[in-house]
Amino acid sequence: MNKPGFRVVAGVSGSLGSLTALHRAASEARATGATLWAVLAWEPPGGDIAHRGGPCPEPLAAWRRLAVDRLTNALDTAFGSAGPGVPLERLVVLGKPAKVLLSVADRPDDLLVVGAGARGRLRRALLPSVARYCLARASCPVLAVPPSPLHRTFHAVHRRNTWKLPLKTQGLAERH
């Protein structure tokens, strides 16, 4: 199935969840002959308040360059030098992630792919879910990709390291 102009829009932040979603988006684009749009939304440190009195162009340009670098690094981490194997558009936009993604994936035949990472109660209370916002308001299909099984293992190891607990190595290596 090859639809001209069909786009798979993937939200990218550089997190493990967004890299998992980016891989799934590339797979969907490959299966449908679509163009993959990797979209990274960014905000200045401190949010909009930091530049409401009149944006100073130099810091904004520096922050935008950092966002472009973050998108480039995420794509390199996800696909290496070979790339995703489909036509790729890179887009870095100033704004809140959920609103930016919905403004890009604005066609009924687009597919929006977002990470639906595991979130604890505290994180849910402090940070709104981009996936939930998009699922509730999108004008196109939305695919919310759960975290990779390795994601949970990585966070468990990270937690143990943070609290300086011994690492349980049982089950990490199989015996033959």
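What the table below lists for this structure:
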quantity: Cβ-Cβ FRET estimate between residue 157 and residue 60, R0 fixed at 35 Å, reported to 0.05; calculated: 0.40
quantity: Potential extension, residue 103-residue 81 segment - 0.36 nm per residue separation minus Cα distance; calculated: 5.0 nm
quantity: HN-Hα J in Hz across segment 20-35 - Karplus 6.51, -1.76, 1.60, θ = phi - 60°, x for Gly and Pro; calculated: 5, 5, 5, 4, 5, 4, 5, 5, 5, 5, 4, 5, 10, x, 8, 8
quantity: Distant-in-sequence amide H partners of residue 13 (H built 1.01 Å from N, under 5 Å); calculated: 18
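Each value in this text was obtained by applying a stated rule to the coordinates, not by laboratory testing. All figures in this text were calculated on a predicted structure; none of them were measured in a lab. Every residue, glycine among them, receives a Cβ derived from its backbone with ideal geometry; neighbour counts consider all protein chains shown.
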